[in-house]
Amino acid sequence: MSGRLVIAIDGPAASGKGTLARRLATHFGLRHLDTGLTYRAVADALLAAGAGLDDEDQAVGVARTLGFDRLDKGRLTRPGIGEAASRVAVMPRLRAVLVSMQRAFAEAEPGAVLDGRDIGTVVCPDADAKIFVTAEPEARARRRTLELRQFDPGADEAEVLDDLRRRDARDMSRADSPLRPAPDAYLLDTTDLDIETAFRAAVEHVERVRKSRR
Ligand code: C5P
């Protein structure tokens, strides 16, 4: 039997899933893929080429040439790209290409932690452990604003909250792979949890499911 371990982390924007995924990958000695960056990279390339964010042929062409080890996080997390990414992410043919590349990443030894919106439901439905990370929108907007203020002291919390709500609504209502917890996901609400407590709860969950499968 393979010792491969795959952990799927999903949740809305700024729920803390990225930090959690990175820490779990380090803890369990796995590779990590932030799948949001893959949608952001496609949106960024379309914007740079002056193409429409609904140009599916061009989006598919860009996706096929993406190198997951060359995603420029600094560039792809600049303001506005999250919103553009959620607009390209409604296109089914684009999703199909990115999902198959993400699945290939997850399937290589020794396994991986992937975070996104559809990891437990679509990309890795057979993941060993699935965690759905949530937090109240106000708590998420507060955290995201504090992050942004390191680079932009004028970042406005009300605008950040509006942006998160708009993105959540689009991500939850799209026809293809909407954001929702897998039926077998462990729900982790981080509204009142610091990262250390959330991390410990996630590790305990992964250990529990691993033991129950042995
Ligand atoms: O996680 P992040 O905020 O970087 O994701 C940007 C956008 O990419 C999300 O709002 C969502 O529309 C899309 N996305 C997706 N499926 C994923 C990851 C991200 O649709 N697995």
- Go through 78-84, 208-214, 130-136 and give me the packing order, highest mean Cβ count within 10 Å leading. 130-136, 78-84, 208-214
- Query: Of all the Cα-Cα pairs you can form in segment 123-214, what percent are over 16 Å apart?
  - Reply: 66 percent
- Query: For the chain, which whole percent of the accessible surface, found with a 1.4 angstrom probe, sits on carbon and sulfur atoms?
  - Reply: 52 percent
- Query: If we count every other residue with Cβ under 14 angstrom of residue 5's Cβ, Lys/Arg +1 and Asp/Glu -1, where does the sum land?
  - Reply: +3
- Item | Distribution of pairwise C-alpha distances over the chain, 10 Å bins, in % | 8, 35, 37, 17, 2, 0
- Query: So, with +1 on the Cβ of K and R and -1 on the Cβ of D and E, and no other charges, what is the size of the charge dipole of the chain about its Cα centre, to the nearest 20 debye?
  - Reply: 620 debye
- Label point 7 Å out from residue 159 along Cα-to-Cβ: which residues of segment 50-81 have amide N under 15 Å? 78-81
- As computed over segment 28-137, the Cα convex hull volume per residue (Å³): 120 Å³
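Contour minus end-to-end for residue 150 and residue 54, with contour as 0.36 nm per residue of separation and end-to-end as the Cα-Cα distance? Don't jump to the answer; show the numbers that get you there.
Numbers: separation 96, 0.36 × 96 = 34.56 nm, distance 3.24 nm.
Between residue 150 and residue 54, full extension yields 31.3 nm more.
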- Whole-angstrom gap from segment 164-214 to segment 45-105, using each part's C-alpha centre: 23 Å
- Inter-probe distance in nm under a simple model that places probes 7 Å from Cα toward Cβ, at residue 136 and residue 189: 1.0 nm
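The values are calculated or read from the model by the stated rules, or taken from the named source; none is laboratory data. Predicted model, so just to flag it, every value in this text is computed and none were measured. Glycine gets a Cβ as well: all are built from the backbone with ideal geometry, and neighbour counts include every protein chain shown. Each accessible area value is taken on the protein alone, full model and side chains, heavy atoms only, with ligands, DNA and RNA left out. Shrake-Rupley method; radii C 1.70, N 1.55, O 1.52, S 1.80 Å.
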